[in-house]
Amino acid sequence: MTLVVAFTGRIGAVICGDRREIRFYEGGDVETLERELYNGMIRTDNELIKRASTLGVPIEIRDDKNKISLSGDYGVLVGVVTSRSAEIEQQRRMYLAPGRYLIAEVADAGVRITKTGESAFLAFGSAVAKKICYDVLNRAKQPKKLSDAVTLLMRAMESVSQKTASVSRAYDVMQTPPLPGDLEKSLRKALLQDVGENCWSMV
């Protein structure tokens, strides 16, 4: 699983993404392992490895997946969460500019915009990861400087990684200051650039 958390407001935009990718291979009780992991019952890597062995599930844990990026042509921050099943691969994508965001979903090479908005905290991840994350965010004061937002999101990432093995301790951080121009247009251009590069289609 994963966690991508972001802030966008008039002071700028910040995004953090963990680096974890867990692969479950055939054999054993995968359903139980996934349920316990994503419900927050498995807190550490050692617990995950031991529980996978008990349930007979071969797993691979990697902490080298980059889930955030900068759309260089438009100064837009992008976060991506991918989920896979036997039938389909799906993505949720967030596009951020200072004071603006756009969320899109990708399935079967079709892209659909699901939400747009202005200043906000956003989080993609499992239910337990998002709950821990929002507990941290909701207790904090609204950031007044971009550095405050960076510190707050880093605190949220670290809190989640200490309480569930679905999120890595390592994470990436990117930020962008207030930008000139039509930011709504920049978000859509960044999305369309990804659509073209990946041979997707808008639906």
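Key figures
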| read-out | value |
| --- | --- |
| Identity of the residue in the stretch 1-54, of a type in the set (Gly, Ala, Ser) and assigned to a helix (DSSP H, G or I), that ends up nearest to THR82 (Cα to Cα) | ALA52 |
| Selection within the stretch 55-67 - in contact with a helix residue (DSSP H, G or I) (Cβ under 9 Å, 6 or more places away or on another chain) and either part of a loop (DSSP other than H, G, I, E, B) or surrounded by fewer than 16 Cβ atoms within 10 Å (Cβ to Cβ) (or both) | VAL57, PRO58, ILE61 |
| Residue in the stretch 94-107 that is part of a loop (DSSP other than H, G, I, E, B), farther than 23 Å from ASP182 by Cα and not small (Gly, Ala, Ser) present | no |
| Which listed residue, of GLY75, GLY125, is within 13 Å of VAL5 (Cα to Cα) and assigned by TED's automatic domain parsing to the domain that holds THR8 | GLY125 |
| Of all residues in the stretch 29-54 being crowded, with 16+ Cβ neighbours inside 10 Å and of a type in the set (Val, Ile, Thr), the one that is farthest from GLU158 (Cα to Cα) | VAL30 |
| Any hit, the stretch 129-145, residues being among the small types (Gly, Ala, Ser), within 23 Å of ASN39 (Cβ to Cβ) and surrounded by 19 or more Cβ atoms within 10 Å (Cβ to Cβ) | yes |
| Residue check, VAL81 surrounded by 17 or more Cβ atoms within 10 Å (Cβ to Cβ), touching a Gly at 6+ places or on another chain (Cβ under 6 Å) and outside any helix (DSSP H, G or I) | no |
| Cβ-Cβ under 6 Å pairs, at least 6 apart or on other chains, the stretch 165-191 side within 12 Å of GLY75 (Cα to Cα), far side assigned to a loop (DSSP other than H, G, I, E, B) and modelled with pLDDT under 95 | THR176/GLY75; LEU179/GLY75; SER186/TYR74; LYS189/TYR74; ALA190/TYR74 |
| Considering residues of the stretch 163-185 that are in contact with a Lys or Arg (Cβ under 8 Å, 6 or more places away or on another chain) and in a loop (DSSP other than H, G, I, E, B) only, the residue surrounded by the most Cβ atoms within 10 Å (Cβ to Cβ) | VAL167 |
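The values are calculated or read from the model by the stated rules, or taken from the named source; none is laboratory data. All values derive from a computational prediction rather than experimental measurement. Glycine gets a Cβ as well: all are built from the backbone with ideal geometry, and neighbour counts include every protein chain shown.
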